[in-house]
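First the structure, in the form of structure tokens, and then the observations on it.
The values are calculated or read from the model by the stated rules, or taken from the named source; none is laboratory data. These numbers were taken from a predicted model, which means no experiment stands behind them. Quick reminder, even Gly has a Cβ in these numbers, built from the backbone with ideal geometry, and neighbours come from all protein chains shown. Remember, those area values only see protein heavy atoms, side chains included, never the ligands or the DNA or RNA. Shrake-Rupley method; radii C 1.70, N 1.55, O 1.52, S 1.80 Å.
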Amino acid sequence: MRLAGQVALVTGAGRGIGRAVAAAFAREGAFVVLAARSTRELASIEREIEAAGGRALAVPTDVRQEPAVAALVTRALAEGGRLDCLVTAAGFAAFGPVADAKTEDWDQLFAVNLRGAFLCCRAVLPAMTAQGRGTIINIGSVVTSRTLPGSGAYTAAKYGLLGFSRVLAEEMRAHGVRVGVLSAGATDTPLWDAVPQPPDRALMLKPALIAEAALLMAALPPGATLEELTLLPQRGVL
């Protein structure tokens with residue numbers, strides 16, 4: 001039970017990578033606070049965790065909204081008494097050539113993938129610094145190291161998340177709070193449902209593999225930190 005007695009907050013917990021991370025953390029003993037916009041999906045993963053003997057609390061949250069994020073962290077602390085880990089897995093994607101890009105898609109993507117992660121990170125810092133320990137894992141993407149045509153807005157947001165995380169890691173080092181970016185290659189999640197003619201999803205990573213990498217980052221003993229970890233499909237898909 002690598003996370004026994006810990007409290008973890010996972011955004012985007014209703015589906016894909018966030019759901020897999022939430023299930024894995026609960027399996028390893030953490031009390032997991034589940035955040036996402038879909039009440040139905042949150043209820044589903046909450047039931048799944050509890051049926052397996054874990055503990056979870058579903059808190060429907062729109063990470064784009066500052067008051068909602070503040071309320072989420074307040075609830076997590078009230079129910080868990082502490083906050084040991086934050087995983088920002090909430091995400092949105094829109095693909096296509098820059099020449100055809102819609103401004104509203106660009107704004108939406110940055111609001112969720114970058115602003116949402118910033119709001120959540122900032123909101124947990126007081127509790128983590130008061131404890132003198134904590135781990136923040138921001139879910140990045142391979143697009144910060146491989147060029148993917150058609151992903152202009154997504155790539156820009158993930159570069160922003162990477163840069164932000166590097167700065168936050170330096171600012172929090174003296175406070176005992178670890179900050180890392182887990183960058184995943186192509187992963188078989190609902191994100192690809194909206195992509196015409198996607199790569200072969202059978203060759204992609206499965207969300208459970210990303211969750212194992214997140215566990216590695218979260219369960220490291222004090223004195224060590226994994227600040228940038230990239231996980232790629234072995235069979236050549238980006």
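Per the conditions (1) surrounded by fewer than 22 Cβ atoms within 10 Å (Cβ to Cβ); (2) part of a loop (DSSP other than H, G, I, E, B), the sole criterion not satisfied by residue 156 is (2).
Quick check on residue 103: is it closer than 18 Å to residue 218 by Cα and of a type in the set (S, T, N, Q)? Before you say what the answer is, go through the steps one by one.
Details: closer than 18 Å to residue 218 by Cα: no; of a type in the set (S, T, N, Q): yes.
The answer is no for residue 103.
Identify the residue in segment 31-68 that is within 21 Å of residue 82 (Cβ to Cβ) and acidic (Asp, Glu) and, among all such residues, is surrounded by the fewest Cβ atoms within 10 Å (Cβ to Cβ). The selected residue is 50.
Matching residues to (1) touching a residue at least 24 places away in the same chain (Cβ under 8 Å); (2) open to solvent by less than 80 Å² (accessible area, probe 1.4 Å); (3) in contact with a Phe, Trp or Tyr (Cβ under 9 Å, 6 or more places away or on another chain):
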{"position": "79", "(1), (2), (3)": "yes, no, yes"}
{"position": "99", "(1), (2), (3)": "no, no, no"}
{"position": "123", "(1), (2), (3)": "yes, yes, no"}
{"position": "130", "(1), (2), (3)": "no, no, no"}
{"position": "148", "(1), (2), (3)": "yes, yes, yes"}
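Scanning segment 1-30 for residues that are open to solvent by 10 Å² or more (accessible area, probe 1.4 Å) and either assigned to a loop (DSSP other than H, G, I, E, B) or of a type in the set (Ser, Thr, Tyr) (or both) yields 1, 2, 4, 5, 6, 12, 15, 28, 29.
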